[in-house]
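The values are calculated or read from the model by the stated rules, or taken from the named source; none is laboratory data. Keep in mind it's a predicted model, so treat the numbers as computed, not measured. Note that each Cβ is placed from the backbone with ideal geometry, even for glycine, and that neighbours are counted across all protein chains shown. Just so you know, the surface numbers come from the protein's heavy atoms only, side chains and all, with ligands and any DNA or RNA stripped out. Shrake-Rupley method; radii C 1.70, N 1.55, O 1.52, S 1.80 Å.
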Amino acid sequence: MYHISDCKKYNRCPRMFVLETNDGKQEFRPFVRLDEEITELAAQKLRVSGRIFTGARGDDGGKALAAAETADWLIKARFEYGGLRIKVPFLHRTEEGWELYFLFAGLYPHADDMQFYCDTKWVLDGCGIHVTDWQVIHLNAAYVRGDELDPDQLFIISPSFYNGRNNPTLPVAAAIEKAMENNMIPVAEMDRCLAGKIPAPVRTNACTGRSKCRWYSECFPDEKREDDNSIVTLIGAQHRYAMKREGRLRLRDADESRIEGSRQQYAQIMADSSPEGLFADRLALHAWLDSVKWPVTFIDFEWERFAIPPYKGMKPYDVLPFEYSIDILYEDGTRDHKVWLATGDDRAELAESMIHDIPDEGSVMAYNAEGAEKIRIRELAELLPEYREKLLSFNERMEDLQLPFESGTVYDIRMRGQWSLKVLMSMMDDPGYHDLDIQQGMDAVFEWRHLDLSENVENRQEIIDNLKAYCGMDSYAMTVVFRWLCEIDSSPLA
């Protein structure tokens, strides 16, 4: 028996579908925190009452069908048909048939996952469940939590999907009917796929699309062995693999007529043409460094994102900073380090501590400042008007350490088409992240959840120490990278 998730895997990549099936169930660690039972909250919005059937994991398909004979509402009901199993969030009996409410734990449901909706309709039609009205209940992006959570304001019931501008567009029912015309339920193909040999790897956009497939390295092991200046590291190059097949193996061999011509690509090709494997636009780098004022405060936040706002003043999918690390670099080369960590809603304490720790003078620097730290500081300023002026002054002084790399001002072939702090630190004469127990930002979030959800975590102090070490490494790494840029700027021209 397949689930809708299996169909989605198969449609994305038959090989991934087979590997995932053979590997068994993986631990699910959600990127977004969802502490509350969202189905119960949505039921309050829908005014669920009367004769209610609530399904449970492991129910066979006949149980929901039997309940459908008498129930007014079916919640989390499991249905099976043609080898496919689905779970339907809400079905409501009417005189004409059934109203179906898809539960979307996001802000704007778009018509971009039609396999899910079509599979649901196919199974329900096969089971004889006549749905007359299709709607989506989703989180309200404009809702701001007060002292208590208000389910009535938390959700929106929409008869339509949303377009790219997040405005209501095609009705849910019409979108499903249209998609059903060209959407095949691939159960028979999935059977044949599992019964045969594991499909050969085929490189497509799905391999590294919204999220990189976890089987990518296994499917394409040779990519790790590519030279640093391999043509496949050419950033954003649509034809890089085609050029490799033609024998254009290095960055400097790129066919100028088949590259996009970005500043990053230019920097990569020039770096590969340099004996040192390094390109630097000296004028641009010097101008940027000249704008940086001493002392330089490097700051990094760690935060959790909540689907349902847990605290007053938060909206759905708002984030809660739970840690920051600061390294202050002085012109004479000395350095101070500070770190702050808490659980629960300590946003006011965080703001107070940050105001105390950041010097009144000099530049403030973060990595991807525009997409992260500046946003977090602006959110704190909106929440805490008493600290607004001081907090926003940090943003006015803030520089983005990522700028020299994303603009193509500096490129070293050892970057291999990437410029995360971990990649840059791997090029330095510094142990960097290697000896840390926490290696990724989401791992830090998962560890912090243990602290936040329970006061009685057995290894509480160990987790705290590991979190401080990881976040502290981010701010320290920025000082190492900044000093490297200064060395490039001061080194003699070749």
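Summing charges over all other residues whose Cβ lies under 14 Å from the Cβ of GLN418, with Lys and Arg as +1 and Asp and Glu as -1, gives 0. Across the chain, the relative contact order, built from alpha-carbon pairs under 8 Å that are at least six residues apart, equals 12 percent. Annotation: amide H of PHE155 within the under-5 Å range of ASN140, sequence separation 5 or more or interchain, hydrogens built in the peptide plane.
Accessible surface of THR208, taken over heavy atoms with a 1.4 Å probe and every protein chain present, rounds to 70 Å². The slack in the chain from ASP125 to VAL202, taken as 0.36 nm per residue of separation less the alpha-carbon distance, amounts to 24.3 nm.
Accessible area per residue for the chain, computed on protein heavy atoms with a 1.4 Å probe, is 51 Å². Working note: Karplus 6.51/-1.76/1.60 with θ = phi - 60° gives segment 470-484 the couplings 5, 5, x, 5, 4, 6, 5, 4, 5, 5, 5, 5, 4, 5, 4 Hz, where Gly and Pro are set to x. Roughly how many Å is it from the Cα centre of segment 90-156 to that of segment 164-182, as a whole number? The two parts, judged by their Cα centres, are 14 Å apart. The reciprocal of the average 1/r between distinct C-alpha atoms defines the Kirkwood hydrodynamic radius, which for segment 117-246 equals 20.0 Å. Taking Cβ atoms as reference points and 12 Å as the exclusive limit, the residues near ASP59 contribute a net charge of +4, counting Lys and Arg as +1 and Asp and Glu as -1. Solvent-accessible area assigned to carbon and sulfur over the chain amounts to 48 percent, based on a 1.4 Å probe. May I ask for the angle, rounded to the nearest 10°, between helix 114-127 and the longest principal axis of the chain, with both axes built from Cα atoms and the value confined to 0 to 90°? For helix 114-127, the angle is close to 20 degrees. A Förster radius of 25 Å, combined with the Cβ-Cβ distance separating ALA195 from LYS87, puts the computed FRET efficiency at roughly 0.40.
Over 26 Å apart at the Cα level, from the set LYS45/LYS312; LYS212/LYS244; LYS8/LYS87; LYS87/LYS312; LYS293/LYS390; LYS121/LYS315, are LYS87/LYS312; LYS121/LYS315. With a Förster radius of 41 Å applied to the beta-carbon distance between MET180 and ARG414, the computed FRET efficiency rounds to 0.20.
Taken one residue at a time, the phi angles of segment 440-446 give Karplus couplings (6.51, -1.76, 1.60, θ = phi - 60°) of 10, x, 5, 5, 5, 4, 4 Hz. Gly and Pro are set to x. Figure note: GLU396, GLU177, GLU361, GLU20 ranked by solvent-accessible area, largest first, 1.4 Å probe, ligands and nucleic acids not counted: GLU396, GLU361, GLU177, GLU20. Extension gain, HIS450-ASN22: 0.36 nm per intervening residue step, less the Cα-Cα distance, totals 151.0 nm.
Sorting MET270, MET473 on solvent-accessible area from highest to lowest, probe radius 1.4 Å, gives MET270, MET473. Largest first, the residues ASP357, ASP437 sort by 1.4 Å accessible area into ASP437, ASP357.
Relative to the longest principal axis of the C-alpha atoms of the chain, give the angle of the C-alpha long axis of helix 14-23, reported between 0 and 90° and rounded to the nearest 10°. The answer is roughly 90 degrees. ASP429 versus SER407, label points 7 Å from Cα toward the beta carbon: distance in nm? Spacing of the two 7 Å Cα→Cβ label points: 2.9 nm.
Of interest is the spacing of the C-alpha centroids, which for segment 222-248 and segment 7-85 amounts to 42 Å.
For segment 292-429, the relative contact order comes to 22 percent (Cα pairs under 8 Å, sequence separation of at least 6). A convex hull fitted to the Cα coordinates of segment 342-494 yields 136 cubic angstrom per residue. Per the Debye calculation on the chain with a single equal scatterer at every Cα and no solvent contribution, log₁₀ I(q)/I(0) for q = 0.08, 0.10, 0.13 Å⁻¹ amounts to -0.67, -1.01, -1.36. Taking label positions 7 Å along the Cα-Cβ direction at both LEU392 and GLN153, the computed distance is 2.5 nm, reported to one decimal.
Rounded to whole numbers, the Karplus 3J(HN,Hα) couplings from phi for segment 365-373 are 10, 9, 9, 6, 4, 5, x, 9, 4 Hz, using 6.51 cos²θ - 1.76 cosθ + 1.60 with θ = phi - 60°, and x at Gly and Pro. Rounded to the nearest 10 square angstrom, CYS193 shows an accessible area of 20 square angstrom against a 1.4 Å probe.
Distance between the 7 Å Cα→Cβ label points at ALA342 and PHE31: 2.8 nm. If amide H atoms are built 1.01 Å from N in the plane of the peptide, which residues on other chains or at least 5 residues away come under 5 Å of the amide H of TRP303? Residues meeting the criterion, in which the H sits 1.01 Å from N, are PHE322. The calculated P(r) of segment 2-78, using every Cα pair and 5 Å bins from 0, goes 3, 12, 15, 15, 18, 16, 13, 7, 2, 0 in percent.
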